[in-house]
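Notes follow once the structure below has been shown.
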Amino acid sequence: MSSSSISAKIKIIKGDITRQTTDAIVNAANESLLGGGGVDGAIHRAAGSQLIEECKTLGGCPTGEARITKAYNLPCKYVIHTGGPIWRGGNHGESRLLASCYRNSLELAVENAIKSISFPSISTGVYGFPFEKACLISLGEIQAFLTNHSNLEMVYLVCFSEQDLETCQDLFDRELV
Ligand code: AR6
């Protein structure tokens, strides 16, 4: 597939991940999968208490891996939960682990015949991963994955602030990845 047709399958938007109507949304969770603040808190509040009940049955998720659940009261069909790395200066495998979050979430999506998926910017909130660096990793992983998986139709990167949207869109437009 040409790079322009791959780029056409990636859309960077500003919004709230809990409002996305793609087949799946991704939750920036933690290893326990038992809820938290930020995106995780918002997703659990919007999904309702059945989501935590299903998460309890999963037995956690090591950093960089991903797990799938139903979405309950959310407008999407599935939630893919992945725990990103905590930023500890950059020499503790953070980039590799963040890349794994995106790759494993995308793998799980195609295994479940998901055609469209929305990602938040994993690890860039309380986990402190520098936004621009994280964005280059996410865009790189998504582009590489789409090159080899034509079944996935659309991948949305949902930025929470205007500034994050501008940074991410700029990196994408400059084709730095
Ligand atoms: N929609 C889209 N993006 C959002 C939303 C939302 N509703 N809310 C926040 N963001 P964070 P992390 C952005 O802290 O860094 C939790 O407690 C936010 O601006 O949610 O991976 C978990 O349980 C930032 O850019 O996730 C873990 O313990 C990005 O989402 C821990 O936080 C990620 O911020 C995970 O930390």
* Under a point-charge model restricted to the Cβ atoms of Lys and Arg (+1) and Asp and Glu (-1), what is the dipole moment magnitude of segment 1-131 relative to its Cα centre, in debye to the nearest 20? -> 320 debye
* Asked: Ordered by residue, what ³J(HN,Hα) values in Hz, to whole numbers, does segment 90-100 give under the Karplus form 6.51 cos²θ - 1.76 cosθ + 1.60, where θ = phi - 60° and Gly and Pro are x?
  -> x, 10, 10, x, 4, 5, 4, 5, 5, 4, 4
* Asked: Which listed residue (Gln20, Gly38, Gln50) has the Cα farthest towards the positive end of the charge dipole for segment 9-50, taking +1 on Lys and Arg C-beta and -1 on Asp and Glu C-beta about the Cα centre?
  -> Gln20
* What accessible area per residue, rounded to a whole number of Å², is obtained for the chain using a probe radius of 1.4 Å? -> 47 Å²
* To do: Using the Cα centre as the reference, give the magnitude of the dipole from point charges on the C-beta atoms of segment 68-112 (Lys, Arg: +1; Asp, Glu: -1; all else neutral), rounded to the nearest 20 debye.
  => 80 debye
* Asked: Applying the Karplus parametrisation 6.51 cos²θ - 1.76 cosθ + 1.60 with θ = phi - 60° to the phi angles of segment 36-44, what ³J(HN,Hα) value in whole Hz is obtained for each residue in order, glycine and proline being reported as x?
  -> x, x, x, 4, 4, x, 4, 5, 5
* Taking a cut-off of 24 Å between Cα atoms, list the lysines near Lys56, but don't count ones fewer than 8 places away on the same chain. => Lys70, Lys77
* Asked: Roughly what % antiparallel, to the nearest 5, for the DSSP beta bridges in the chain?
  -> 25 percent
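The values are calculated or read from the model by the stated rules, or taken from the named source; none is laboratory data. These figures come from a predicted structure and were not determined experimentally. Positions of Cβ are backbone-derived with ideal geometry, glycine not excepted, and every protein chain shown enters the neighbour counts. Keep in mind that these areas ignore ligands, DNA and RNA; they rest on the heavy atoms of the full protein, side chains included. Shrake-Rupley method; radii C 1.70, N 1.55, O 1.52, S 1.80 Å.
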